[in-house]
Amino acid sequence: MSDSASRRHFLKSGLVLIPAVTLAPQTVFSSTPAEGGAEDKHAGERYAPRFFSSAEWAFINAATERLIPQDELGPGAVACGIPEFIDRQMETPYAYGLLWYMQGPFLSDLPAELGYQQKLTPREIYRFGIKACDDWCISTHAKVFAQVPADTQIQILHQLEAGNVAMNELSSALFFAQLLKTTKEGYFADPLYGGNRKMAGWRMIGFPGARADYMDWVDHPNEHYPLGAVSIDGQRA
């Protein structure tokens, strides 16, 4: 399978409902850095993060770009605004753990349909996870994650996913799962929330977005919908 086909499969594998996505059984990384125009190159620099510190912001930009790199199918994570999406998400009730019962006991091996089972909120998973990963990178590679070469970043992400990076507050596999989940959410969420800039994720999979109705197309089963995507606030792809 080619890199492009693998990337499309990787992204589509998480599409059960939009924007709800889950951790894919296999993940795809690329060492190819984004080399778009000036707009894409500086897409992650115009937004001032509200939750992440400068060191955390560097990690988020580097890690998400390794998870969804730019290629012929579309722009990468940074150009699509995924770091901005994640940062903005950290200021929602979801990230504070206000949507779930957050008292013990915490049982980590229960099925997902029984609800959130972690003692840490998404904000805490990111805060503790990034710090622990950067500390591990310094001890192992003498540099933080954002400063090591792209190929090394890919290896580290595989180590995180396998649970092989030592962390005190949580497992590295849990941290990686949170990172991957919110990265894919940012790629497919409505642009209103900061990610999916220019509806690149929707255009890649042919999703028409938040159109008011599809009554003129109900008699065309299994045919490609001919109109472009529209966002909640009326942007058109």
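Taking Cα centre as origin and charging only the Cβ of basic (Lys, Arg, +1) and acidic (Asp, Glu, -1) residues, the dipole magnitude of segment 108-181 rounds to 220 debye. Here the alpha carbons of segment 78-237 define both size measures, Rg and Dmax, at 19.2, 61 Å. Obtain the nm distance between the two label points defined at ASP219 and ASP71 by a simple spin-label model: each point lies 7 Å from its Cα along the Cα-to-C-beta direction. Those two pseudo-labels are separated by 4.1 nm. Taking all Cα pairs closer than 8 Å and separated by 6 or more residues, the relative contact order of segment 97-237 comes to 14 percent.
Bear in mind that the values in this text are calculations on the coordinates, not laboratory data. As the structure is a computational prediction, the values presented were derived from the model and not from experiment. Glycine gets a Cβ as well: all are built from the backbone with ideal geometry, and neighbour counts include every protein chain shown.
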